[in-house]
1. Return the sequence-ordered ³J(HN,Hα) values of segment 702-707 in whole Hz as given by the Karplus equation 6.51 cos²θ - 1.76 cosθ + 1.60 applied to θ = phi - 60°, using x for Gly and Pro.
2. Can you compute 3J(HN,Hα) from phi for each residue in segment 74-90, using the Karplus curve 6.51 cos²θ - 1.76 cosθ + 1.60 with θ = phi - 60°, rounded to whole Hz and x for Gly and Pro?
3. Which whole-number value in Å² is the accessible area per residue of segment 608-708, probe 1.4 Å?
4. Can you list the residues, at least 5 places off or on another chain, whose amide H is less than 5 Å from the amide H of Asn519, using H built in the peptide plane?
5. Rounded to a whole number, what % of the accessible area of segment 76-225 do carbon and sulfur atoms account for, probe 1.4 Å?
6. Could you pull out the pairs from Lys292/Lys466; Lys379/Lys441; Lys180/Lys204; Lys47/Lys86; Lys180/Lys638 whose alpha carbons sit more than 22 Å apart here?
7. Solvent-accessible area of Leu641, probe 1.4 Å, all protein chains present, reported in Å² to the nearest ten, please.
8. Reachable aspartates and glutamates from Lys161, Cα under 17 Å, same-chain residues fewer than 8 places away excluded?
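The values are calculated or read from the model by the stated rules, or taken from the named source; none is laboratory data. The structure presented is a predicted model; accordingly, all values stated were derived computationally and were not measured. Cβ: placed from backbone, ideal geometry, glycine included. Neighbour counts: every protein chain shown. The accessibility values were calculated without ligands, DNA or RNA, using every heavy atom of the protein model including side chains. Shrake-Rupley method; radii C 1.70, N 1.55, O 1.52, S 1.80 Å.
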Amino acid sequence: MAEAHQAVAFQFTVTPEGIDLQLSHQALTEIYLSGMRSWKKRIIRLKNSVITGVYPASPSSWLFVVIAILATMYTRSDPSMGLIAKIQEHLPVSQSMSTQCQAVVSAVLFSTMLWLLLIFTMRLCLKQLLSYHRWMFEQHGKMSNTTKVWVALVRIFSGRKPLLYSYQGSLPNLPVPTIKDTVKRYLESVRSVMDDAQYECMTKLATEFESSLGNRLQWYLKLKALWASNYVSDWWEEYVYLRGRGPIMVNSNYYGMDFLYVTPTPIQAARAGNSIHAFFLYRRKLNKEEIKPSRIPGTVIPLCAAQCERIFNTTRIPGEETDTVQHWQDSDYIVVYHRGRYFRLRVYQAGRLLSPREIEFQIQRILDDPIPACKGETKLGALTAGDRIPWAKARAKYFNSGVNKRSLDCIERAAFFVTLDDDEQGMMGDDPEASLDCYAKSLLHGKCYDRWFDKSFSVVYYKNGKNGINGEHSWADAPVLAHLWEYTLATDSFHLGYNAEGHCKGEVDSSLPRPQKLNWEIPPECEEQISRSLAVAQALADDVDFHVFPFRDFGKGKIKKCRVSPDGFIQTALQLAYYRERRTFCLTYEASMTRLFREGRTETVRSCTNESSAFVRALEGGEAADVCRRLFRTAAEKHQLLYRMAMTGAGIDRHLFCLYVVSKYLGVESPFLNKVLSEPWRLSTSQTPVQQVELFDMVNHPEYISCGGGFGPVADDGYGVSYCVLGDNLINFHISCKHSCPDTDARKFGAQIRKALHDLIQLLNPNQKDSNRTEESNPEVKKDL
């Protein structure tokens, strides 16, 4: 109970001699340092707000403008064309101020207004420049003169040393496509997956919608686009994520894996110490806005950073009708789960961040702590894994007061959630790929009660030193969390490092207060609800079939030599693999980002096109190789066109989704929109990009390669496929489906993908063997990948 006493700043007792007041010097010091840290953060936020607010100018440029105006005044010139004199006439000043002083004040006011006008003009110019997207559709390696001029202007108006959020006010708003264009693109996208009768019926519905209800709904949508920063994002977050009443585990949350071939240390507590410290280093940079704004690779074009605001100190709160996302400004602790117990671990002591060695020391204390779990505590996390309505009711009934509320508040306000798992995971054993399958399932759902799926992200540390991350999807998309994960992995291994024994470097302050166990009073009725939620979650988890495999036979290096986009190549291979398994085509979802626009999130690329299906039929029908090659290139080019259109706001699905939402608000029914929004995505795909290539040395340390991440299947009878292109010779695939569907099998589909990749590279490069095929063995020793 020492920690509890230390948390009390003063105590008093009433005695016959009077009141005996006892002050705790240590507690008062902690309060003072905590307050100082809070005020420092406020000052930093204020400073950054000013810098971001005047970007692309700088605060110091105000002084330059003032001095320039005053200098011209002293040369008997009037750069204001009489405005300074007008300001001086209406200046409310006392009689004691001299005429010269009034003139100076008027000049400063005029200079300030001129400076603000220049900032507004520069920001408006930058916004217009960033609205230009024709460069994206130009042939690779050939830049038009217009684009060259545009690039030069963007560099000029972009300013110097931008902070993380500096470009937010200059990003253009997401445009609303026309009804005619969206309907036309939609009908084209479904032609390959519908027979003639289905397509004719859909064409009639689309034509009727375009000529009647569509225009009315479009008017409301345009009105929203004028008013809101982004006409899609708030509705997308609410209706796609927060209003879902089923489990978010598997259905919404996703995961990221550790390094594929190496484990920096086999000591669980040490791995946690380094990476937890790295997480807080990233948060410090985030709070100071020192993280460089993300850009489209190889360009000067910035991406929206709005999603970064809620990475830490964020939790999804269940509700009976809809959930909400709650974000707190700061949190100086994490919550750790181990063997059924929840611990509060402070990572700041006397105003400073604990060193990795000190965090390792505290984690080891939790691992060694013999204290038993409270009654009902062990499987409490299952409430976050089951259906949302029972969790919302249980939260309101059993966690709205007393010790349960205090402990739940502690979890929800934590910077993030940590699980110390007793299992060992990673690529190991006689069947490395099977072990990766188990690793993926562990990160996606675990035991269904040993993760807190509502937290913005949870980190899992395994007994053998492996780790991984599980992300909640509503607050941000995977690339945002992947950026944090890349930084953490690189900082852990290349900057912090370990000593010869595998422990974190540095010394330990043994006087650190022990991590505080959270207490609970779980009534039997709540335990029954926990059991019901666990049963729902366990059934869902058991039904998930996963297969993860690294494809090492070739990678983007060889694909690019064939003058094909790696993403277009892989997407076409997925179409070929699916057709070979099902002998049909299906609607295919590929996630694309719209972060070129303010508060942009994602758009759908409909990868199953008329061109890709024509190629697949030709290849499977035994057409000549030249014909197949021509059809393949046509399909790959069409895919790239669709991807670019999605990125630049000319997608299909977000527009139709928002029209559907407007129709529901107006209380009108649209057979066309109802049909569109009910179509299943039997093949849902996503590429996990490597965003910070400079953090990893693929040449000298090829073994330090992440395995990427994955997600659960979107349709009960379909597949979820995530892939990560690493270096020139490695592609990692994560395939998910459900055991309950007799038509799906993750391993068989993985084999089909392998075969499709080989067949495509052989088609494009028939005279060469896979010369850069790597060994199938686990490359623990450095070698060129």
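1. x, 6, 8, 10, 6, 8
2. 6, 9, 6, 9, 10, x, 8, 6, x, 5, 4, 5, 4, 4, 5, 5, 9
3. Details: 4230 Å² over 101 residues.
Roughly 42 Å² per residue, with all protein chains present.
4. Long-range HN contacts for Asn519: none found.
5. Values: 5580 of 9190 Å².
Carbon and sulfur together cover 61 percent of it.
6. On the way: Lys292/Lys466 29 Å; Lys379/Lys441 18 Å; Lys180/Lys204 14 Å; Lys47/Lys86 33 Å; Lys180/Lys638 20 Å.
The pairs that break the limit, which is 22 Å between Cα atoms, are Lys292/Lys466; Lys47/Lys86.
7. The value for Leu641 is about 70 Å².
8. Cα-Cα hits under 17 Å: Glu289, Glu290.
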